[in-house]
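For reference, the structure discussed in these notes is given below.
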Amino acid sequence: MARLLVVDDDKNLRLLYEQELVEDGHEVSLAGSGPEAIEYLNKNRPDLIILDVSMPGMDGIEALGKILAKDKTMPVILNTAYSTYKDNFMTWSADAYVVKSGDLAELKQKIKEVLKSRGKDA
Amino acid sequence: MAEAERSTARVLIVADDEELRGFAERLLSGSHFAIHSATSGANALELASRESFDLILVDLDLKGQPDGLSICRELKGTPRLAWMPVMFLTGAAGGDLVGKAFEAGADEFLVKPFKPDELAVRARVLVRKGREERWLVERARKLAEKIAERDDELDDLRRFAQDIVSSLPSALMVLDSEGTILFVNGPLLDLLQAERRDVVGRKITEFFSAADLSEMIGKALEAAGREGQPSRLRRVSGISRGKQDRICDLTVAPIDYAGVRQVLVVVEDVTDQARAESAVETERAKLNDVVNAMNAALCLIDRDRRVLWKNRTFDLWFGEARDQPGFHAFRQRLSQDDSWYQPVFGQGQVRHLTWQVFTALGQPRHFTNIIAPVKSEGGRPADQALVLTQDVSDQESHIEQLTLLRELSQLLRGTLEAERLNHVILLCVTAGHALGFNRAFLFKRNRETNALEAQMAVGPTSREEAFRIWGELSSQGRSLSDLVAELSRKPHEMPPLFRQVAGLSYPLDDPSEIVVRTALEKRPQVVTDASRDERVTEDFRRRFGAQEFVAVPLIAKGVVGGVILADNSYSGRPITEDHVKLLSLFAAQAALAIENADTYEELQMRVSQLHSAQDKIVHAEKLAAVGKMAAHVAHEIRNPLATIGGFARSILKHPENVERVKRNVQIIAEESARLENMLKGVMDFSRPSAPVLKTVDLNAIAERCFRTHSERLAGRNIHADLDLDHSLPEVPVDENQMVQVITNLLHNSADSMPNGGALTVRTKRMGEEAMLQVTDTGSGIPAEIMDRLFSPFFTTKANGTGLGLAVTRKIVDDHGGRIDVRSQVGQGTTFTVFLPLQRSAKGLAARVAEGGTAGN
C-alpha cells in the first residue's frame, strides 16, 4: 500500500486512475495541474507521483523539474499520450515512462516496480 | 641731136695768135658756127664756166698761164664743164705732144697745115658729140637731183617710222640673223633701264633668257621671206639693270628688209600680270590642294549631267575616265530626269541624294550627294551644279554596328538556342556592312574536353558562290536584319561551309595552333601572310587556305569562351586595324550573348532539377504536416480512448456493481462524445481562422494572384488571360483568404492542363454580388465525383491533401457567398465564386458561430 498522487488535466482520466488504483489498495490523491501538484507536495509527501506530460500551462516536464528540485528522491512515473516525449532528456530523470492506454496493466506494473525499488511494497 | 645740128653751134676759139684765130674763123664761118674768142687761158675758162660752148678750140701753143693743156685739164676736171669738147690746134706736132693733149682730156688734135674742110668736119663731129655728152650729163644731173630728193623723202620716212616706233608703247627691237640687236625703241630701253649704246650691237641673249630663244630666232629667220608667222614665247625673264628682273612675253616676227633677213621682236612686259597670275595660281593650287585633300569627291556638272570637272578624290573613287565602271556608275546615279534637277537649275535649290554601290571587292559603300547650283552671272538660272559626294560608309557602318548589336540582343531575347545564336553571330560578322568578312568560323570551348571545337561556319564555299551571293545581295538590297529575320523563320540547317570544319577540335594545351593561342593570350591575332607566319601551322594553312585572317577571342566576364576566325579569302580585302577593333568589340558582345545562352541552358537544367527537388520537398512537407496532424490527433484522441478503454475494462472486472457501472458508462459516453467533437476539430485544424473583413478592390487581388502565377503558367505552356470588370465596386472580404481561394482555383485549373491550354480569370458585377470566375480548358471533372468535390481529404491528385476545395468552400461560406462549378470532361471547368457586395447579417452570424469552434 502506498500513497499515490495522480496529476492529469483530464478529469475523467483522473477518475479512472483513482477508481482503479484505490481498488488496488492505494491511497490516491488527485491534482488537475502542475501548480496544484506542487501545492499538494508542500503539505504532503506521496510515495509516488503519476505525472501527465501534456497539460495546459505548466506541462509535465516543467512540473517534473520543480518536483525534483523540492525532493530529488521523489519517485515519478511520466504518463503521456506521446511516445515521442521519451526523446526529451528531462524525461530521463523520471523513474518510468508509460504511454496512456485503456489497459492500466503496464502502469500498475511500473508502480509496483518503482515502489519495490524504493523499498516500498506495492 | 637733130636740134643740135640745126641750131648754130657756139664755138670758142682760144688763141693769142691773131692769124690762127682769123684762119679758124674763116674756115668755120658760114657753116652754122657762131664764133667766140678768148685771147688767154684765164679768159677762156671764165667764158666756159659762164656760158656753155659746143666746141672749144684751143691753141696748143698758147702763151702764158694757164696754157692750152691746163685749160683742157681744168675743163675736163670740172664735171659740169667736162662735156664740152676740146680740140687742139697746133703748128707742129712734135714729140709726145699729141699724147700729152689726149692725156689732158682733149677730144681732137689737128696739126697744120690742114685742109679747110677738115677743120669744119671735125668741128661738126665734135659739136654733135659734145652736145650728146652734154645731154647725158644734164640728164644724169637731173637724175641725181631726183635721187637726192628721194633720199630726202626716204630720210623723212625713216624718221617718221622711227618716230612711230619710238612713240609706240610696245617695246621692240630688230635683230640681225645672228641675234645681234640692230635697233631698239624707247620703251624697250625703259624696260631694260639701259642706254641705247649699251644695247645696240649686243646679243639679245644677253638681255633675255629662254631655253629656246635662239632656236626661235633661227626659225623666224628661216621663215622670213616665206610666209613667216610671228611666234610667241611666253614668260621669258628679262634682265633689267636697276629694276627687278622682268617677265616678258616675246613675239618674234621675221622681216625682210631690203633683202636682208632680220627679226622683229616685240617685247611685252607681263611682270605684274605674271605675278598676279602666279598669285592666283598659288591660290588655286592651295584651293586645289584643299579640294583634293577633301575626303569628298567633287565634280561640276552641266545641265546634261556631263562631268565638266572633278577633283582627285573623285578620280580615286570613281575613276578618271568616262569609260571606267565607277565613273559610269556615278553618272548612272545622277541620271534622274529633268524634273528632279528642276529645283537645282531652275530654282537654285540644293538637293540631296543617297545611294549605295558595291565595290569590285563586294564591299558596299554608302554615298551621299549634295547637288548645289553654281550661280551664273547676272542672276540667270544656274547652268552648272557642283556635286559633293561624301562616303558615309563609316557612319553607315557605325549605324550598322549599333543595329547589329541591337539585333543581336533582340534575338537573344527570342532565341536562346545555342546553335542558332552561333549562326546569327557569324552572320553578323559576314553579312553586315560594318564587318563584312567573307568567311567566319566559330570555335567554342568545351569545358569537358578542354578543347576549342568548331561550332559554326558561315560564308561562301567558293569564289564563284561568293560573287553570286554578292550579286544577289546587291540586287536584292537585303539588309542584315532581313537576313537575321530570315534565319529566324527558316528551319535551322547546317551551312555548307560548316561541313568543311565540323568536328574540328583544337586542344587548349596546344598553343601552336593560332586559334588556341588567341584563346590563351586573350587578344586578337592578325595574320597577313599565313604562308610565312610562324604562328600558323601547315595543317591550319591547308584546312582554311586563308592567306590573311584575324582570330579574336570571345571573352565574357574575363573568361575565354571561344574564338571567332574571319577572313576575306574571296575578295582579298585587307584586314585593317579598324576591322579588328570592331570585330573585337563585336566579339565581346557575342561572347556575352553566348554566355547568356549557356547560362540560360544551364538555368533550364537547374530549374528542372529544382522542380524535382521541390516536388520532393513538397512531398516531405506534406508528410511532416500529416505527422504533425497525427501527433495532434494522437494527443487529442489518446486520453478519451484511454479513459473509455480503462472504464470499459473496469466494468468488465466488476459488472455486478451497478452504481459503479452506471457511473463508468456515463464517463464512457462523455468521452465518446468528446471524441466525435474532436473529429470535427481535426478538420478545423486545416481550416482558416475567422475572416477579417475589409472593403477592398477584388480586381487588385485577382490581378496580383494572376501576376504571381502567370510566369509559372507560361512555363507550363498555359496561355493565361485576365478579364476584369473595372466597374466592380470594392467588396468586403478577408484579403488573405481571397488570395487563398484564387490560388487554390488557379492551381486546380493548372493541374487539369498538364499539356497546356488556356486559362481565364474574370471578375464581373452581378447585381448585388461580385463574381469571380476561373475558367480552364483542362480535362474536366467526371460527374461521379462531382458531389464529393468539396469534401475534406477528397483528392484525385497523387500529391493532393484533399483540403484545397474544402477550405475554399469554407472560406466562401464564411464570407456569406457561394461557389458554383460547371465542368465537361475533356472540355474544361469553370469555378464561379459569388460574394455579397454588402455584409449580410446571415453571413456574419454563421461566421461568428463557426469561428468559435475553429479556434480549438
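I need the shape label for chain B. Rule: rounded when a/c is under 1.5, else prolate if a/b > b/c, else oblate, with a, b, c from the alpha carbon gyration tensor.
Values: a/c = 7.55, a/b = 4.97, b/c = 1.52.
Cα axes put chain B in the prolate bin.
Relative to the present Cα-Cα distance, how much length would full extension add between B:Ala700 and B:Ser214 at 0.36 nm per residue of separation?
Working: separation 486, 0.36 × 486 = 174.96 nm, distance 11.03 nm.
Result for the pair: 163.9 nm of gain on full extension.
Just grab the label-to-label distance for B:Leu316 and B:Arg232, each label 7 Å out from Cα along the Cβ direction, in nm (one decimal).
With each label point 7 Å from Cα toward Cβ, the separation is 3.6 nm.
As a test of reading the structure, rank B:Tyr600, A:Tyr97, B:Tyr506 by solvent-accessible area (1.4 Å probe, protein chains only), most first.
Numbers: B:Tyr600 95, A:Tyr97 35, B:Tyr506 10 Å².
Final ranking, largest accessible area leading: B:Tyr600, A:Tyr97, B:Tyr506.
What FRET efficiency comes out for the pair B:Tyr600/B:Glu621, r = Cβ-Cβ distance, R0 = 22 Å, nearest 0.05? Display every interim value, and only then the final one.
Details: r = 30 Å, r/R0 = 1.35.
The formula returns an efficiency of 0.15 here.
If I ignore ligands, DNA and RNA and count only protein heavy atoms, how much of A:Lys66 is accessible to a 1.4 Å probe, in Å² to the nearest 10?
90
Take B:Glu676, project a point 7 Å from its Cα along the Cβ direction, then tell me which residues of segment A:5-41 have their backbone nitrogen under 13 Å from it.
No residue passes the distance filter.
What is the gain in length, in nm to one decimal, between B:Glu206 and B:Glu465 on full extension, counting 0.36 nm per residue of separation less the C-alpha to C-alpha distance?
Details: separation 259, 0.36 × 259 = 93.24 nm, distance 7.41 nm.
Using 0.36 nm per residue and subtracting the Cα-Cα distance, I get 85.8 nm.
Among all the aspartates and glutamates, which ones have a C-alpha under 18 Å from B:Lys616's C-alpha, if same-chain residues fewer than 8 places away are not counted?
B:Asp751
Using a 1.4 Å probe, how large is the accessible area of B:Asp813, given in Å² and rounded to the nearest 10?
We get 70 Å² for B:Asp813.
Heavy-atom accessible area of B:Asp529 with all protein chains present, probe 1.4 Å, nearest 10 Å²?
B:Asp529 exposes around 40 Å² with every protein chain in place.
How long is the gain from B:Val607 to B:Val665 if the chain were fully straight, where each residue apart is worth 0.36 nm and the alpha carbon distance is subtracted?
Values: separation 58, 0.36 × 58 = 20.88 nm, distance 6.06 nm.
Once the chain is fully extended between B:Val607 and B:Val665, it gains 14.8 nm.
Going by accessible area, probe 1.4 Å, with all protein chains left in place, what is the ranking of B:Tyr341, A:Tyr40, largest first?
Output order, biggest surface exposure first: A:Tyr40, B:Tyr341.
How large is the charge dipole for segment B:715-780, taken about the Cα centre, if only the Cβ atoms of Lys, Arg (+1) and Asp, Glu (-1) carry charge, to the nearest 20 debye? Intermediate results must be reported in sequence, preceding the final value.
Numbers: 4 positive and 10 negative charges, 53 e Å.
Approximately 260 debye in magnitude.
With a Förster radius of 56 Å, plug the Cβ-Cβ distance of B:His719 and B:Arg543 into 1/(1 + (r/R0)^6) and report the FRET value to the nearest 0.05. Can you show the working numbers first?
On the way: r = 49 Å, r/R0 = 0.88.
Result of the calculation: an efficiency of 0.70.
Give a quick list of chymotrypsin sites (Phe, Trp or Tyr not before Pro) in segment B:50-132 that DSSP marks as loop, anything other than H, G, I, E or B, with at most 14 other Cβ atoms within 10 Å. Mind showing how you got there, number by number?
Values: sites: B:Phe53, B:Trp83, B:Phe88, B:Phe102, B:Phe109, B:Phe114; in loops: B:Phe53, B:Trp83, B:Phe114.
When the chymotrypsin sites (Phe, Trp or Tyr not before Pro) of segment B:50-132 are filtered for loop state and at most 14 Cβ neighbours within 10 Å, B:Phe114 remain.
Determine the calculated [θ] at 222 nm for chain B from helices alone, applying -39500 (n - 2.57) to every DSSP H run no shorter than 4 residues and normalising by the residue count; nearest 500 deg cm²/dmol.
Numbers: 26 runs with 406 residues, N = 856.
Rounded to the nearest 500, the figure is -15500 deg cm²/dmol.
Suppose each label sits 7 Å from its Cα in the direction of the beta carbon; what would the B:Glu730-B:Asp533 distance come out to in nanometres?
7.3
Take the cross-link list B:Lys444/B:Lys522; B:Lys522/B:Lys557; A:Lys70/A:Lys100; A:Lys72/A:Lys110; A:Lys70/A:Lys108; B:Lys76/B:Lys115 and give me the ones stretching past 23 Å between alpha-carbons.
Numbers: B:Lys444/B:Lys522 14 Å; B:Lys522/B:Lys557 12 Å; A:Lys70/A:Lys100 26 Å; A:Lys72/A:Lys110 19 Å; A:Lys70/A:Lys108 25 Å; B:Lys76/B:Lys115 28 Å.
Listed pairs above 23 Å: A:Lys70/A:Lys100; A:Lys70/A:Lys108; B:Lys76/B:Lys115.
Could you give the nm distance between label points at B:Met294 and B:Glu222, where each point is 7 Å from its Cα heading toward the beta carbon?
Those two pseudo-labels are separated by 4.8 nm.
Quick one: ranking B:Trp135, B:Trp309, B:Trp355, B:Trp340 by accessible area, 1.4 Å probe, largest first, what do you get? Please report the intermediate quantities before stating the final value.
Numbers: B:Trp135 150, B:Trp309 100, B:Trp355 15, B:Trp340 40 Å².
Ranking B:Trp135, B:Trp309, B:Trp355, B:Trp340 by accessible area, largest first, yields B:Trp135, B:Trp309, B:Trp340, B:Trp355.
The values are calculated or read from the model by the stated rules, or taken from the named source; none is laboratory data. As the structure is a computational prediction, the values presented were derived from the model and not from experiment. Because the Cβ atoms are built from the backbone with ideal geometry, glycine has one as well, and the counts that use them run over all protein chains shown. SASA here: full protein model, heavy atoms, side chains in, ligands and nucleic acids out. Shrake-Rupley method; radii C 1.70, N 1.55, O 1.52, S 1.80 Å.
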